[in-house]
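Values quoted throughout were computed directly from the atomic coordinates according to the rules given, and no laboratory measurement underlies them. Remember, predicted model here, so these are calculated numbers, not experimental data. In this analysis, Cβ positions are derived from the backbone assuming ideal geometry, glycine residues included, and neighbour counts consider all displayed protein chains.
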Amino acid sequence: MRAFLTPRMLGAHLLALVLVTVALLLAAWQFAAWDARRDAEARDLSRIEPLAITEALGPDDPFLGDLVGQPVVLEGRWLDDATVLVSGRESEGREGFWVVTPLQEDATGSALPVVRGWTADESDVPPAPTGEAEMVAYLQPPRAGSSPTPTPPTTSCPSCAPPTSSSASRSTSTARTRWSRRPRPTPSPR
């Protein structure tokens, strides 16, 4: 025991204490960086003014990570004759279908598939909407290893009655949408 308390060993003890202190400080810094990243990813984007889709993302633009959750306004005309059902989708533990109707965007002419809701029975699909539509969407990246398919939020409406949420896909990105009955915000001068 006495060998550990010699002046030569006290230097080694001091070095060990310094190294442990440095390791603890680096661990605290790493935790703070992780926490800041998590907070940035979870920021509340629902209070941000939505942009026109053409301001946020062009038809052939790559999807950038800082666009995740960006609210955008989609305006267009329903292509009611192009409604499709996407099988293999669950809602509340039941197997069913997404009801998808394209929306042809006024600004670019692009057709964006919009998930109008979910149904358990493919024979019980309400008629597709017709005419003009405007909605607020939240941009989301496509799922890894798949084509750009809509991915609705886990709280998607359980029936196809007036939907409370839906999805749209654009080029290489996906937009989660929420129906909005409020008037379109006036853009602020830049």
- Query: If you check LEU64, LEU19, LEU10, which single one turns out to be without any contact (Cβ under 8 Å) to a residue 24 or more places away in the chain and either surrounded by 13 or more Cβ atoms within 10 Å (Cβ to Cβ) or touching a helix residue (DSSP H, G or I) at 6+ places or on another chain (Cβ under 6 Å) (or both)?
  - Reply: LEU64
- Among the residues of segment 57-91, write down those that are under 14 Å from the mean Cα position of the chain (by Cα) and part of a helix (DSSP H, G or I). GLY65, ASP66, LEU67
